[in-house]
Structure formats: structure tokens, C-alpha cells
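In what follows, a structure is listed as C-alpha cells, so that the remarks can point back to it.
The values are calculated or read from the model by the stated rules, or taken from the named source; none is laboratory data. This is a predicted model, so every value here is computed, not measured. Ideal geometry is used to build each Cβ from the backbone, glycine not excepted, and the neighbour counts take in all protein chains shown.
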Amino acid sequence: MGNAAEHDLIRDISRDVLTRIAPQELPLFPAASAAWFADPAAAKKASKSRDAALGFGTDAFSILLTPLVLQIVSEIMPVLGSIALKVTENAVGEEVSMLVRKMFHRDDANADAALTSEQLGEVHRNVIAAGERLRLESAQTQRLADAVVAQFVLQKK
């Protein structure tokens with residue numbers, strides 16, 4: 001599944017998503033994420049088992065989402081990596097252009113590195129697809145996709 005830096009990124013994004021949609025799971029997050037990275041298939045299976053789930057309240061969406069969120073975020077990492085690569089390629093291309101402009105004493109332009117609406121839509125669609133593969137309810141999948149995309153749009157407090 002990737003290297004330590006990727007695991008850290010998956011943990012960070014997943015923790016931020018859980019903060020928005022299931023903050024009651026945050027105390028369990030370190031142990032649950034460690035278990036997920038040790039054996040993602042077993043952790044996902046345990047999260048779907050009502051006997052193994054650590055439930056909080058009666059809302060089905062609040063029953064140990066951590067493994068599902070970790071799974072979905074890990075599945076969208078290639079999409080995010082592809083977007084980052086495109087942004088990097090564009091930034092390098094723009095940097096070269098800026099350096100050439102400086103050689104000719106022309107004005108520079110600063111590039112905005114934020115994700116475009118199209119890129120955000122691609123992330124959203126991939127989260128929806130991952131949720132469907134995990135057989136989450138449509139409303140749960142939509143809520144999760146919205147929360148993931150919000151991580152790339154909203155400013156951190």
C-alpha cells in the first residue's frame with residue numbers, strides 16, 4: 001500500500017474527515033488506524049460486523065467509520081497523486097516561463113495552486129465510486145464525498 005509518508009497523509013486526511021462526520025471516533029482513531037494499516041481487509045470486515053463495531057448512538061453512520069474512511073481515502077490517493085503531478089508539471093512549466101520572462105524583463109504572473117472545480121469533481125466522483133464499491137448507503141456516500149472534498153476547499157482553522 002505505499003510508503004510511510006503516504007500512510008501519514010492518509011491518516012491526516014482521514015482524521016480531518018472524521019472530525020467533520022464522526023468526531024466521536026477520534027479517541028479511537030490512533031488504534032483503529034494502526035489496525036487498519038496492519039491489515040486493511042480485516043479492519044474493513046470488522047467495521048461492517050455489528051458485533052465487532054463500537055457503536056455510538058443509534059445512527060448507523062456513526063458505527064466505526066474509521067476503517068471505511070481510511071479505505072476510501074487510500075483509494076483516492078492515486079487520483080490525488082495524479083492531480084498533484086499535473087499541478088507540479090504546470091507549476092514547473094510556469095516557473096520556466098517566469099524565468100524566461102525575467103530574462104527578457106517582462107512581468108511575472110503567480111499561479112494559483114488550488115484544485116480546480118474539475119479536479120474537485122474528479123475527487124468527489126472517485127469517493128462516490130469507492131463508497132458504492134463498499135456498499136455504503138447513498139446518503140452516507142454523498143456525505144463522505146462532500147466531507148473529503150471540503151478538506152481541499154475550506155481553510156484550516
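For LEU134, indicate whether it is over 11 Å from the mean Cα position of the chain (by Cα), within 13 Å of VAL17 (Cβ to Cβ) and of a type outside the set (Val, Ile, Thr).
Details: over 11 Å from the mean Cα position of the chain (by Cα): yes; within 13 Å of VAL17 (Cβ to Cβ): no; of a type outside the set (Val, Ile, Thr): yes.
In short, no.
Is it fair to say PHE61 is within 18 Å of VAL148 (Cα to Cα) and either modelled with pLDDT under 55 or loosely packed, with under 12 Cβ neighbours inside 10 Å (or both)?
Working: within 18 Å of VAL148 (Cα to Cα): yes; either modelled with pLDDT under 55 or loosely packed, with under 12 Cβ neighbours inside 10 Å (or both): yes.
Criteria met by PHE61.
Whether any residue in the range 70-82 is touching a Ser or Thr at 6+ places or on another chain (Cβ under 8 Å) and either at pLDDT below 85 or closer than 20 Å to GLU132 by Cβ (or both) is what I want to check.
yes
Would you mind telling me which numbered condition in (1) within 20 Å of VAL123 (Cβ to Cβ); (2) at pLDDT below 90; (3) surrounded by 13 or more Cβ atoms within 10 Å (Cβ to Cβ) ASN90 fails?
Failing condition for ASN90: (3).
Return the total of residues in the range 1-32 being without any contact (Cβ under 8 Å) to a residue 60 or more places away in the chain and within 12 Å of the chain's Cα centre (by Cα).
The qualifying residues number 7.
Out of ALA35, ALA42, I need the residue that is farther than 19 Å from ALA129 by Cα, over 16 Å from the mean Cα position of the chain (by Cα) and modelled with pLDDT of 80 or more. Which one?
Only one candidate passes the filter, namely ALA35.
Report every pair of residues separated by at least 6 positions or lying on different chains whose Cβ atoms are under 7 Å apart, first residue within the range 122-144 and among the small types (Gly, Ala, Ser), second crowded, with 19+ Cβ neighbours inside 10 Å.
Pairs that qualify, where the first residue is among the small types (Gly, Ala, Ser) and the partner is crowded, with 19+ Cβ neighbours inside 10 Å, are ALA130/ILE72; ALA130/ILE76; GLY131/ILE72; GLY131/THR141; GLY131/LEU144; GLY131/ALA145.
All but one of (1) under 13 Å from the mean Cα position of the chain (by Cα); (2) of a type in the set (Gly, Ala, Ser); (3) modelled with pLDDT of 95 or more hold for ALA150, so report the exception by its number.
The one condition ALA150 does not meet is (3).
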